[in-house]
């Protein structure tokens, strides 16, 4: 095969071989890029119906766009071959890495969180992997995991249950329901995730038997040896997370990837007091060249409300767009002169906003629009500024124009949703917040705003799922306190007081003077009969709340608690 050209791919070298086929490194001669080609074995696609199913699954997987999922480019056929063209990742499989070392705890948490985020993205589109294992996860040179072989999962499962010897490793990751030949849903992937974590933490599989039938029996009937029995350094809370993921009954596992990831984040914060999260945020920040934002201290209190007003408008240009300065320079290189002038005026407007000079900011934005009236970013930033000044009707008009000019701008979507929410059009606001998240899956304040609206609409369970996802995708965000605060509010609405307490305490750690967090935390403590703690939070609430009526009400709560 080496040196041959199949379709528009020139085969360069063989990368590996497994039960489902052979993988080659190849050059896409049309787009001049290196890809990985998986040639599916004839045994795996022995009839036309199987071939059609593989094509459908590959097409569905090609729609997945996530940094922790290996991108599928196409499924193609020739007279001799069926093959899948995929993203080529220079790196090593997790299986190879586990064979060489025992992972340190921060590595296990970091890798697990990223894999869970990738799985969550697939599950959100109705795609279940079904064959998640260490050899199906590639680690790039930076240690970032990439999940492989979504498109072959069903075929792999069917093949494994009819083979022996070589399939022991694959069966070890199967959920009990898969081993019984039953239909598997997304909770089967959560079971496999538990096995992966078990393996990273202990260096071995939960059921290290040599024969596939023994492994299959154990998966269905036996409990694994406690991980701490193999590695006493594993925190007991982490052991419990792993064993919960591996519960025999799917109903007793974590029901969503977001739920499991949230528990890992809580453990990470408890063990390292936030330092590991800060390191992860620095890693993300470096990609966007905003290291200064981290150096100021991600757990410091936010600016005053007046200063935040202008910070929000600044975010309309930078953070809300998800554009770093390096990328902005790249975009500028092919711009017209009018667009360059417009961009420069917007940047000047941002400087004036930072200096609380609203009039000068308006003047610069007017010049930006005069230079290029089709520049969506200028309209979005202007909409954000007018929203914060309370001019909602004008902001809505400008937000609609920004969206019309760039239908992919998450900034425009957010800056349209916000004033719509303020004037009471919550249904359309929810639509635009959701579209902003769809466009930018790490848009922290859009998650927070949409979650808050879902709670107001009496849909707290949906809010919990959404806000947990927001927390996972935004570790270290300066707006993390809003995500956790609204998550706590949703749990309170569900009467899940311990969960509410946990989320609200996370919010409080990030910012100690936010009135609503203090109000909700006082409420949660009282529901848990923690009267002393509740009274203390009511006192703090009274000290920061500006509404005199609410301050009086807080003092009444304190007096009432004294008698209990």
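Residue 64 - would you say it is in contact with a strand residue (DSSP E or B) (Cβ under 7 Å, 6 or more places away or on another chain) and either outside the structural domain of residue 123 (by TED's automatic domain parsing) or outside any loop (DSSP other than H, G, I, E, B) (or both)?
Here the answer is no, as residue 64 does not meet what is asked.
Of (1) surrounded by fewer than 19 Cβ atoms within 10 Å (Cβ to Cβ); (2) under 17 Å from residue 265 (Cβ atoms), residue 467 satisfies all except one. Which?
(1)
Need the failing condition index for residue 114 against (1) out of contact with any helix residue (DSSP H, G or I) (no Cβ under 8 Å at 6 or more places or on another chain); (2) farther than 29 Å from residue 205 by Cβ; (3) assigned to a helix (DSSP H, G or I), just the number.
(2)
Given the criteria modelled with pLDDT under 95 and closer than 22 Å to residue 471 by Cα, does residue 518 qualify?
no
For every residue, the table says whether it meets (1) surrounded by fewer than 17 Cβ atoms within 10 Å (Cβ to Cβ); (2) closer than 20 Å to residue 140 by Cα.
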{"position": "24", "(1), (2)": "no, yes"}
{"position": "40", "(1), (2)": "no, no"}
{"position": "51", "(1), (2)": "yes, no"}
{"position": "57", "(1), (2)": "no, no"}
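Take residue 425 and decide whether it is in the same structural domain as residue 493 (by TED's automatic domain parsing) and out of contact with any helix residue (DSSP H, G or I) (no Cβ under 7 Å at 6 or more places or on another chain).
Yes; evaluated as a whole, the condition is true for this residue.
Would you check if residue 449 is at pLDDT 95 or above and in the same structural domain as residue 387 (by TED's automatic domain parsing)?
Criteria met by residue 449.
I'd like the full set of residues that are modelled with pLDDT under 50, in a loop (DSSP other than H, G, I, E, B) and crowded, with 18+ Cβ neighbours inside 10 Å, limited to segment 249-284.
274, the sole residue that qualifies.
Here's the yes/no breakdown for (1) buried (at least 18 other Cβ atoms within 10 Å of the Cβ); (2) in contact with a helix residue (DSSP H, G or I) (Cβ under 7 Å, 6 or more places away or on another chain); (3) outside the structural domain of residue 537 (by TED's automatic domain parsing):
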{"residue": "482", "(1), (2), (3)": "yes, yes, yes"}
{"residue": "488", "(1), (2), (3)": "yes, yes, yes"}
{"residue": "494", "(1), (2), (3)": "no, yes, yes"}
{"residue": "497", "(1), (2), (3)": "yes, yes, yes"}
{"residue": "503", "(1), (2), (3)": "yes, yes, yes"}
{"residue": "506", "(1), (2), (3)": "yes, yes, yes"}
{"residue": "518", "(1), (2), (3)": "yes, yes, no"}
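Scan segment 539-562 and tell me whether some residue there is in contact (Cβ under 8 Å) with a residue 40 or more places away in the chain and in a loop (DSSP other than H, G, I, E, B).
No.
Counting just the residues of segment 124-135 that are at pLDDT 90 or above and part of a helix (DSSP H, G or I), which one comes out surrounded by the fewest Cβ atoms within 10 Å (Cβ to Cβ)?
Result: 135.
Restrict the check to segment 452-467 and report whether at least one residue is in a helix (DSSP H, G or I), in contact with a helix residue (DSSP H, G or I) (Cβ under 7 Å, 6 or more places away or on another chain), more than 29 Å from residue 433 (Cβ to Cβ) and free of Cβ contacts under 8 Å to residues at least 24 places away in the same chain.
No, every residue in segment 452-467 fails to be in a helix (DSSP H, G or I), in contact with a helix residue (DSSP H, G or I) (Cβ under 7 Å, 6 or more places away or on another chain), more than 29 Å from residue 433 (Cβ to Cβ) and free of Cβ contacts under 8 Å to residues at least 24 places away in the same chain.
Among the listed residues 106, 67, which satisfies the condition of being surrounded by fewer than 20 Cβ atoms within 10 Å (Cβ to Cβ) and within 20 Å of residue 245 (Cβ to Cβ)?
Testing whether each residue is surrounded by fewer than 20 Cβ atoms within 10 Å (Cβ to Cβ) and within 20 Å of residue 245 (Cβ to Cβ) leaves just 106.
Name the single residue that is farthest from the chain's Cα centre (by Cα) among those in segment 421-431 being within 17 Å of residue 462 (Cα to Cα) and in contact (Cβ under 8 Å) with a residue 24 or more places away in the chain.
Going through the qualifying residues, I end up with 426.
Would you call residue 485 closer than 23 Å to residue 265 by Cα, touching a residue at least 24 places away in the same chain (Cβ under 8 Å) and within 28 Å of the chain's Cα centre (by Cα)?
For residue 485, the condition - closer than 23 Å to residue 265 by Cα, touching a residue at least 24 places away in the same chain (Cβ under 8 Å) and within 28 Å of the chain's Cα centre (by Cα) - is met.
Could you list all residues from segment 357-381 that are touching a helix residue (DSSP H, G or I) at 6+ places or on another chain (Cβ under 6 Å) and not in a helix (DSSP H, G or I)?
Answer for segment 357-381, where residues must be touching a helix residue (DSSP H, G or I) at 6+ places or on another chain (Cβ under 6 Å) and not in a helix (DSSP H, G or I): 372, 374, 375.
From the residues in segment 171-187 that are touching a residue at least 60 places away in the same chain (Cβ under 8 Å) and in contact with a helix residue (DSSP H, G or I) (Cβ under 6 Å, 6 or more places away or on another chain), which one is nearest to residue 131 (Cα to Cα)?
That would be 175.
If residue 47 passes every condition in (1) out of contact with any strand residue (DSSP E or B) (no Cβ under 9 Å at 6 or more places or on another chain); (2) within 23 Å of residue 114 (Cβ to Cβ); (3) at pLDDT below 80 but one, which one does it miss?
Every listed condition holds for residue 47 apart from (2).
The values are calculated or read from the model by the stated rules, or taken from the named source; none is laboratory data. What you are looking at is a predicted structure, and each value in this text was computed from that prediction instead of being measured. Ideal geometry is used to build each Cβ from the backbone, glycine not excepted, and the neighbour counts take in all protein chains shown.
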